[in-house]
Each structure stands twice: as C-alpha cells, then as structure tokens.
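Everything on this sheet refers to the single structure shown next.
The values are calculated or read from the model by the stated rules, or taken from the named source; none is laboratory data. Just so we're clear, the structure is a prediction, and the values are computed from it rather than from any experiment. All Cβ positions, glycine included, derive from the backbone under ideal geometry; neighbour counts span all protein chains shown.
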Ligand SMILES: [Zn+2]
C-alpha cells in the first residue's frame, strides 16, 4: 500500500483554524531554531507538528522493506534534530510543544486544550500579582 504524499499543510491548517476559533492568536513567520509551525511569542511557546512518517511516529511509521537502513537513519536523524532544536529553544526561554499529525486528525480538541494549558501556565508569565 502506498501512502499518499502530503505536504503537511492539511493538519497544520486544521490546527490553525481550531486555534483561531478559540481566540488563540499565533504567529507564523518565525526565525526560531527548527522553524516551528506556529509560535506564541508572548508566552514563548513554539508548536511543532510532527509528520507521522518523517518523525517516526510509533503508530504509523514502519521502516520500508527496501533501503531499510537509509530510512531508519533518516528518521533517527530527524528525531535527533528535534531534540537539538528543543534544547536550543529552551536556551532562549521557549517551551516546545510537539504534536503528531495523527493527533490533530484524531482529536483536535485535545491538542488545542493542551496548547491552551501550556499558554496559561504560570511558567510563561512572570507577573507580580498584587
Ligand atoms: Zn502517527
């Protein structure tokens, strides 16, 4: 069975619309490490949508029968880079949120709820309440 090649814009658009509907205003243009799909500059939260295939989702990625090593190494490299990016962002005070594209397709409500929780966590804002 061949998988249809997607550009990843499907899940991204779904997430964007859902966030917008909830009044969560993100930025797209980003010069941050790893080029997050979305970013919330004020709360310093970077959102990445991981493609099930390229990032080796445990549920949907299966190493192909041919060029096995090539694919495994490619996915391993992607995952390693994901971690490096997370470290770089953390060093600049950003929190990384990663979601699988299948989570968006399956339960967008939960993904939005998770992002909302992250955005409202006190870690993001250091206001002095008086
Ligand atoms: Zn998946």
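At-a-glance table
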| item | result |
| --- | --- |
| Any chance residue 87 is more than 11 Å from residue 46 (Cα to Cα), in a helix (DSSP H, G or I) and within 13 Å of the ligand (Cβ to nearest atom) | no |
| Qualifying residue in region 83-96 (condition: touching a helix residue (DSSP H, G or I) at 6+ places or on another chain (Cβ under 7 Å) and touching a residue at least 40 places away in the same chain (Cβ under 8 Å)) | yes |
| Checking residue 22 against (1) within 13 Å of the chain's Cα centre (by Cα); (2) touching a residue at least 24 places away in the same chain (Cβ under 8 Å), the condition it does not meet | (1) |
| Test set (1) crowded, with 16+ Cβ neighbours inside 10 Å; (2) without any contact (Cβ under 8 Å) to a residue 12 or more places away in the chain - residue 117 fails condition number | (1) |
| Residue check for residue 41: more than 13 Å from residue 98 (Cα to Cα), surrounded by 12 or more Cβ atoms within 10 Å (Cβ to Cβ) and either modelled with pLDDT of 95 or more or touching a helix residue (DSSP H, G or I) at 6+ places or on another chain (Cβ under 6 Å) (or both) | no |
| Some residue of region 46-63 being buried (at least 18 other Cβ atoms within 10 Å of the Cβ), closer than 19 Å to residue 111 by Cβ and in contact (Cβ under 8 Å) with a residue 60 or more places away in the chain | yes |
| Residue 103 in contact (Cβ under 8 Å) with a residue 40 or more places away in the chain, on the phi < 0 side of the Ramachandran plot and within 16 Å of the ligand (Cβ to nearest atom) | no |
| Whichever residue in region 44-65 is over 18 Å from residue 117 (Cβ atoms) and out of contact with any helix residue (DSSP H, G or I) (no Cβ under 7 Å at 6 or more places or on another chain) and, among such residues, is farthest from the ligand (Cβ to nearest atom) | 65 |
| Check on residue 69, part of a helix (DSSP H, G or I), closer than 14 Å to residue 115 by Cβ and free of Cβ contacts under 8 Å to residues at least 24 places away in the same chain | no |
